[in-house]
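Here is the structure we will look at.
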Amino acid sequence: SNHIPALLSLYYFGLISMASMMMKSGSSMDMAGPATLSSVLTRFVGTTSNADFSQFFPTLITPSNPVFLVWPIIAISQVLTLAASSVLATLHRRPIFEQHELTALSLSNLLATWWIIISSQATAGMLPLGSALILPLVPLLSGYALRKKNNNDNTYYGIGNNGISGGRKKKRDIVRTKASNFVFQLFSSFTTIASLLALTVELQHGNRLFPSLFYHKPEVSSLVFLAGYFGIVARGRSGSGGGKNKVVKRSVNAVAIMGILAKRIMDANAVPGGVMHLLTSLSFWITSLIAAQATAQLFF
């Protein structure tokens, strides 16, 4: 029963995501005929899909479309691990997710759903402020679950309250920990990058935060994103936790920045004089350096 809220939040997140992706610009969610559960749950989804949003508010650090396939991977990983954890709990065995992790996952899914709904209400020239305010809460929650897990591991498996060693982890407990870590690391890593992107979009198109510095200035706005991204990549080498626990984060970092770099190059090749303009762009060279560093971390 503890897993039901997480499963329901995941179902709602998946339903809203599919409704947003299938929505065509200018269409309406209001359809004739009897109301169904899906139509009621998705009634607040607007007419702007993720692709429309990127076209309405372009930036120099928007990733290529394949990068956003991480969203269904996040959903699938949750489906598999939540189902397995629920079965283990039913069999009165230690589940994959503890109660605080299930709570963090439920809230993260609901906030991500809320962000999709708000973003779907955007139109050309009208950027909702909530798009940049809500998404950062997702990595904070999922990252909290990881931090709490790392702190608890020393108590659960290491030195107990009585000062006696708890012994080595059992193989099945190691598998459970890795499965849970994968879900939260994937979720928190990608939504951290997405939060930086949302902030950059707000700076460049929102005309609300330091407009004299960033409004309609894509080069300067992209430098804010790249500064944050460099911090993420640098922390991937020196942050807390073992190297094995960072494989997912490093992979997400490398894939996302390579997707950004690939899109910059493709966009430059699509317009006359675009390559020359690209080669004189400071943000392009910084993106290239960060991409090289993020890729190197996968092997060293």
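The values are calculated or read from the model by the stated rules, or taken from the named source; none is laboratory data. The structure presented is a predicted model; accordingly, all values stated were derived computationally and were not measured. Please note: Cβ atoms are built from the backbone with ideal geometry, for glycine as well, and neighbour counts cover all protein chains shown. Calculation scope for accessible area: heavy atoms of the full protein, side chains included, ligands and nucleic acids excluded. Shrake-Rupley method; radii C 1.70, N 1.55, O 1.52, S 1.80 Å.
Taking the criterion of being in contact with a Phe, Trp or Tyr (Cβ under 6 Å, 6 or more places away or on another chain), open to solvent by less than 10 Å² (accessible area, probe 1.4 Å) and assigned to a helix (DSSP H, G or I), would at least one residue in segment 65-74 satisfy it?
The initial filter retains those residues of segment 65-74 that are in contact with a Phe, Trp or Tyr (Cβ under 6 Å, 6 or more places away or on another chain), namely 70, 74.
Next, only the ones that are open to solvent by less than 10 Å² (accessible area, probe 1.4 Å) stay: 74.
If we keep only those that are assigned to a helix (DSSP H, G or I) as well, we get 74.
Yes, some residue in segment 65-74 is in contact with a Phe, Trp or Tyr (Cβ under 6 Å, 6 or more places away or on another chain), open to solvent by less than 10 Å² (accessible area, probe 1.4 Å) and assigned to a helix (DSSP H, G or I).
Among the residues of segment 42-57, the one identified as outside any helix (DSSP H, G or I), in contact with a helix residue (DSSP H, G or I) (Cβ under 8 Å, 6 or more places away or on another chain) and open to solvent by 40 Å² or more (accessible area, probe 1.4 Å) is Phe44. Here segment 92-103 is the region considered, the condition is being of a type outside the set (D, E, K, R) and open to solvent by 40 Å² or more (accessible area, probe 1.4 Å), and the residue that is nearest to the chain's Cα centre (by Cα) is Thr103.
Considering each of Val183, Val201, Val233 in turn, give the residue that is assigned to a helix (DSSP H, G or I), modelled with pLDDT of 90 or more, more than 30 Å from Leu80 (Cβ to Cβ) and among the hydrophobic types (A, V, I, L, M, F, W, C). Steps first, please.
Values: Val183 fails: more than 30 Å from Leu80 (Cβ to Cβ); Val233 fails: more than 30 Å from Leu80 (Cβ to Cβ).
When all the criteria are applied, what remains is Val201.
The test for being small (Gly, Ala, Ser), buried (at least 16 other Cβ atoms within 10 Å of the Cβ) and modelled with pLDDT under 95 holds for Ala89.
Condition first: open to solvent by 20 Å² or more (accessible area, probe 1.4 Å) and over 21 Å from Ile74 (Cα atoms). Can you find one or more residues in segment 104-119 that meet it? Break it down stepwise before answering.
Kept after step one, since they are open to solvent by 20 Å² or more (accessible area, probe 1.4 Å), are these residues of segment 104-119: 107, 110-111, 114-115, 117-118.
So of that shortlist, the ones also over 21 Å from Ile74 (Cα atoms) come out as none.
Within segment 104-119 (the criterion being open to solvent by 20 Å² or more (accessible area, probe 1.4 Å) and over 21 Å from Ile74 (Cα atoms)), the answer is no, since none of the residues qualifies.
Okay, residues lined up against (1) in contact with a Pro (Cβ under 6 Å, 6 or more places away or on another chain); (2) open to solvent by 50 Å² or more (accessible area, probe 1.4 Å); (3) within 30 Å of Leu7 (Cα to Cα):
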| site | (1), (2), (3) |
| --- | --- |
| Val175 | no, yes, yes |
| Val183 | no, no, yes |
| Phe190 | no, no, yes |
| Leu197 | no, no, yes |
| His205 | no, no, no |
| Phe210 | no, yes, no |
| Ser221 | no, no, no |
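Just give me the residues in segment 193-238 being free of Cβ contacts under 8 Å to residues at least 60 places away in the same chain, under 25 Å from Met126 (Cβ atoms) and not hydrophobic (A, V, I, L, M, F, W, C), in sequence order. Those that are free of Cβ contacts under 8 Å to residues at least 60 places away in the same chain, under 25 Å from Met126 (Cβ atoms) and not hydrophobic (A, V, I, L, M, F, W, C): Asn207, Pro211, Ser212, Tyr215, His216, Lys217. For segment 258-283, the set of residues classified as touching a residue at least 60 places away in the same chain (Cβ under 8 Å) and in a helix (DSSP H, G or I) consists of Gly259, Ile260, Ala262, Lys263, Arg264, Met266, Leu282, Ser283, listed by residue number.
Starting from residues that are more than 24 Å from Phe184 (Cα to Cα) and in contact with a Ser or Thr (Cβ under 8 Å, 6 or more places away or on another chain), keep the ones in segment 244-286 and report whichever is least open to solvent (accessible area, probe 1.4 Å). Quick ask: steps written out before the conclusion?
Initial filter on segment 244-286 (more than 24 Å from Phe184 (Cα to Cα)): 261-286.
Then keep just the ones that are in contact with a Ser or Thr (Cβ under 8 Å, 6 or more places away or on another chain); that gives 261-264, 266, 283.
Working: Leu261: 24, Ala262: 41, Lys263: 57, Arg264: 24, Met266: 112, Ser283: 0 Å².
Among those residues, the one meeting the criterion is Ser283.
For Leu196, the criteria (1) outside any helix (DSSP H, G or I); (2) at pLDDT 95 or above hold in every case but one, which is (1).
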